[in-house]
Each structure stands twice: as C-alpha cells, then as structure tokens.
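The values are calculated or read from the model by the stated rules, or taken from the named source; none is laboratory data. No experiment lies behind these values; they were computed from the predicted model shown. Cβ coordinates were reconstructed from backbone atoms using ideal geometry, including for glycine residues, and neighbour counts include every protein chain displayed. With ligands, DNA and RNA removed, areas are computed over all heavy atoms of the protein, side chains included. Shrake-Rupley method; radii C 1.70, N 1.55, O 1.52, S 1.80 Å.
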Amino acid sequence: MKLKYNFTLNEVADRIVAVAMGDDLQKFGGFIKMNKTGAYIFEMLKNDVTKEDIVSAMMKDFVGATKEEITETVDEFITSLQNSGVIE
Amino acid sequence: MVYSIAGFNFEYEPIFGFATRELAPYASSEKADLKIEVTIPDMKAEFASNPEVKSQEVAELNAIYRKLSEYIPLKDAFVLHAATIDVDGIGVAFTAHSGTGKSTHMLLWQKLLGDRLTIVNGDKPFVRFLEKDKSLLAYGTPWNGKERFSNNISTELKHLCFIARSEKNFVEKLDKQTMLNVILNQVYIPKSPEALVKTFSLLDNLLSSCSLWKINCNMEIDAAKVAYETIFGGNNNEA
C-alpha cells in the first residue's frame, strides 16, 4: 500500500501537518495532523510498503517499544489514513 | 501602473474599472519588483474555482489576488483569512468558520472603541514577517470582503482570536494545537511546494508570536466589551 497523493510534511505548533502538493492539492484539500511517530509511518508510505515492512523498520528504530505496541500503532494510523481516503 | 500592497511593489495594468478602483488606494511611485499579467485563462480559472465569482471584473481582481498569494510566501508573507483591526497601535485578528460573524464582532469593537480602532482588513490581510525586528505585520489589501472594509495601513499582530457563537460572552486562552486545527482552513495554501513549505513556517511563527484566544460571544455590544477587557486588560479568563 502507498499514499495516493504527493504530500509535504510541515512542522507547525509542535505537530506535523501533511498537505498535498501542486495539482494534488485540488484532489485532496485536507490536512492530516500527526506526531513524529505518525510522520515516520507516513514517510514510509510514500513508497509501496506492507504493514509488516513498516513494523520491521520501526522495531529497529523505536527501541524500547514492543512488537505489539508498534503493530497497534501502525494499524491505528493506517486505518485513520484509509478513512481519510489517502491510501491506495 | 505600479501598486504597493504589503510592501510588495508590482506593475499591473487593470483591464476593468472594478480593479482600477479597488487597486487605486495602493497606487505607488515605487519601482516595481515584479510584473503581473492577468490573462483570459486566469480569469476562467477563477470562475471555475469559485461559484461566487459571477463577473469578469471580479474574476480579474481575484486573479491578481491568486498571483500575489502564490508569490508572497517566497518573500516571508502569507494570506490569512481574518478580520483584522488595529487598536491603539496593536493588531488583533479575528478568525472563524464561515458565517459565524467575524465582521459583526469587529464592528462591535469599532462601536465600543471609536477612533482608537482602525480596520486594517475585513477579510484577507497579507501577513508579513519582518526579519529585522522579528515582527509580524498585517496589511490592508483590496481583498477585503463583501463590505469592502480595509485601509492601506499595517499593524503589528499581537492577538489571534477564534470566534465562536455563544449565548454568554466569555474569552479563553487557546493552546497552539487547538488554534492550529481551526486556523489551517483560514490560510491560503499555495500550489508551489516551495511556497507551501514557507507558508507553514510563517504559520508556525504566527502561532508562536501571538497571544491566542477563543472568543465565545453573542451579537451584543457586551461581547466586544468582554473580549476587549480580557485581551487588553491582562485578565486571563481560563475556562
């Protein structure tokens, strides 16, 4: 799975806001707000990846978090992105 | 013809009388930094993007706005959809969801404060960050809403307020994240990726530099009194 549109990630007010770029802004005019963990997952979704790919990468970079915690975080975040209609 | 809006000097030849009149307060003898041209495709794009645009005259003025809005972020400025006033030299911006009554509230402040208040812009001021003294200035522009409230002046923005309708009048401080949620829809988002990134950086600056307030209010004069006294009086009414 991957993101449907080209996004920039912008740090504003201690949050990260994803906005579609250029012509994609006409297609998706919303803003997606997330924290740094969400931004990590979001960046990965710029390429075609599976949930397992994301969980594996996070297991290496998020030392101290269990596989269950990471899987839950990834599931929740991807569900919210799917609900926003930005995942294909 | 050279015009200067928010310190941006541009050369433009108006096509219709409407643009000529609306731009007139901004005529300038300064040297232009850029040249703007509005073409038929530009005006067609305005008709296509906004059903409220019903005449070529309005489409022309909107097209100029579009071109400037895309340009200014590269020069540390952006468009904020907020009714903006100057009170005793201090800038206050009122933002709200459409139809809430930013202009109504602004006019109540005017009724309350008389000459101490000057309207900067009733609709779309340009907000510019000046590096030299790290200040954020809001400027009058010809894009000033249905009632056409604006003046060719600037004010240093110190207070950013979100207005919500309420039976009782009270004012709360807002945290940055809550204000971010409401203000995102009130900022012009440019198409160019570079200008878009700059706009968010300026927005972050706005949220850090201003005191942030939520004004819960009705349409009585007391609404302005409570809001003014809380914001200027140093009374932090926390809900």
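Annotation: peptides B:82-94, B:29-41, B:8-20, ranked by per-residue average of other Cβ atoms within 10 Å with the highest first, follow the order B:82-94, B:8-20, B:29-41.
The count of lysine pairs in chain A with alpha-carbon distances below 24 Å, taking only pairs 8 or more places apart or on different chains, stands at 23. Computed with every protein chain present, the accessible area of A:Glu69 is close to 100 Å² [probe 1.4 Å]. On a straight-distance basis, which lysines could pair with B:Lys132 in a cross-link, Cα separation under 21 angstrom, same-chain partners fewer than 8 positions away excluded? Of all the lysines, those that pass the test against B:Lys132 - Cα under 21 Å, at least 8 places apart if same chain - are B:Lys75, B:Lys158, B:Lys198. Can you tell me which lysines have their Cα less than 16 Å from the Cα of B:Lys44? Leave out same-chain residues fewer than eight positions away. Cα-Cα hits under 16 Å: B:Lys54, B:Lys67. Projecting the Cα atoms of B:Ile163, B:Ser98, B:Ala83 onto the dipole axis of the stretch B:67-194, where Lys and Arg carry +1 and Asp and Glu carry -1 at the beta carbon, places B:Ser98 farthest toward the positive end.
Only Lys, Arg, Asp and Glu count, each charged at its Cβ (+1, +1, -1, -1), so figure out the dipole size of the stretch A:45-84 about its Cα centre, rounded to 20 debye. Intermediate results must be reported in sequence, preceding the final value.
Numbers: 4 positive and 9 negative charges, 29 e Å.
So the magnitude is around 140 debye.
Remark: mean inter-chain Cβ contacts per residue of B:174-180 equal 3, using a 10 Å Cβ-Cβ cutoff to other protein chain atoms. Taking the C-alpha atoms only, the angle from helix B:40-49 to the longest principal axis of chain B is near 30 degrees. Listed cross-link partners B:Lys146/B:Lys168; B:Lys146/B:Lys191; B:Lys102/B:Lys124; B:Lys35/B:Lys134 are compared with a 20 Å cut-off, the Cα-Cα value being larger for B:Lys146/B:Lys168; B:Lys146/B:Lys191; B:Lys35/B:Lys134. Projecting the Cα atoms of B:Ala195, B:Phe10, B:Ile183 onto the dipole axis of chain B, where Lys and Arg carry +1 and Asp and Glu carry -1 at the beta carbon, places B:Ile183 farthest toward the positive end. If R0 is 56 Å, the Cβ-Cβ spacing of B:Phe170 and A:Ser56 corresponds to a FRET efficiency of close to 0.65. Let me make sure I get this right: for the protein assembly as shown, a, b and c are the square roots of the gyration tensor eigenvalues over alpha carbons, sorted descending. Under 1.5 in a/c it's rounded, otherwise prolate if a/b > b/c, else oblate. Which is it? Verdict is oblate for the protein assembly as shown.
Rounded to the nearest 20 debye, the dipole magnitude of the protein assembly as shown is 440 debye, with +1 charges on Lys and Arg beta carbons, -1 on Asp and Glu beta carbons, and the Cα centre as origin. The alpha-carbon of B:Lys214 sits under 19 angstrom from the alpha-carbons of these aspartates and glutamates, leaving out residues fewer than 8 places away in its chain: B:Asp86, B:Asp123, B:Glu167, B:Glu172, B:Asp175, B:Asp204, B:Asp222, B:Glu229, B:Glu238.
Return the loop-located trypsin sites (Lys or Arg not before Pro) in the stretch A:1-62 (DSSP other than H, G, I, E, B) with at most 13 other Cβ atoms within 10 Å of their own Cβ; answer none if there are none.
Values: sites: A:Lys2, A:Lys4, A:Arg15, A:Lys27, A:Lys33, A:Lys36, A:Lys46, A:Lys51, A:Lys60; in loops: A:Lys2, A:Lys4, A:Lys46.
Listed in order of number, the matching sites are A:Lys2, A:Lys46.
Probe of 1.4 angstrom, ligands and nucleic acids ignored: what's the accessible area per residue over the protein assembly as shown, in square angstrom?
Using a 1.4 Å probe on heavy atoms only, each residue of the protein assembly as shown averages 48 Å².
Annotation for the B:A interface, with buried accessible surface near 1400 Å², both sides summed [1.4 Å probe; non-protein components not counted].
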